[in-house]
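The values are calculated or read from the model by the stated rules, or taken from the named source; none is laboratory data. Here the structure is a predicted model, which means the values were calculated and not measured. Here Cβ is always computed from backbone atoms with ideal geometry, including for glycine, and neighbour counts include all displayed protein chains. Side chains are part of the model used for accessible areas, which takes the heavy atoms of the whole protein and leaves out ligands, DNA and RNA. Shrake-Rupley method; radii C 1.70, N 1.55, O 1.52, S 1.80 Å.
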Amino acid sequence: MTPGKMRNDTRSILRVGTGIFIAGVIFAILVKIGGGLGQHGPPSNLGWFGLIFALGCLPASGFLLLLGFAKWFEDRRR
């Protein structure tokens, strides 16, 4: 492997993490479209759907992106 070249597993982790992050942002926008957040949560079923999936996607993508960037920095030094 040449110095500074990203390995395939690192590329896959970053690709999946980015895809899940984009999905989480889309679901967060869906909460806004569904009426936003009130005192007791979203006022519509669409808002609840978006909230549940956004709260699942965003933390998972954060961990995957953190892992992917850490592996990428290590691949650059290798």
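Quick look at the numbers
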{"item": "Subset of segment 21-36 [within 21 Å of the chain's Cα centre (by Cα) and either open to solvent by 50 Å² or more (accessible area, probe 1.4 Å) or small (Gly, Ala, Ser) (or both)]", "result": "21, 22, 23, 24, 25, 26, 28, 29, 32, 33, 34, 36"}
{"item": "Filtered residue count, segment 21-43, keeping only those that are in a loop (DSSP other than H, G, I, E, B) and either within 19 Å of residue 58 (Cα to Cα) or modelled with pLDDT under 90 (or both)", "result": "4"}
{"item": "Meets criteria (more than 25 Å from residue 5 (Cα to Cα), of a type in the set (Gly, Ala, Ser) and within 19 Å of the chain's Cα centre (by Cα)) for residue 70", "result": "no"}
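Condition check ((1) touching a Ser or Thr at 6+ places or on another chain (Cβ under 9 Å); (2) open to solvent by 50 Å² or more (accessible area, probe 1.4 Å); (3) not in a loop (DSSP other than H, G, I, E, B)) across all residues:
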site: 5; (1), (2), (3): no, yes, no
site: 19; (1), (2), (3): yes, no, yes
site: 49; (1), (2), (3): no, yes, yes
site: 52; (1), (2), (3): no, yes, yes
site: 75; (1), (2), (3): yes, no, yes
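Okay, residues lined up against (1) within 16 Å of the chain's Cα centre (by Cα); (2) free of Cβ contacts under 8 Å to residues at least 24 places away in the same chain:
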residue: 7; (1), (2): no, no
residue: 14; (1), (2): yes, no
residue: 17; (1), (2): yes, no
residue: 45; (1), (2): no, yes
residue: 59; (1), (2): yes, yes
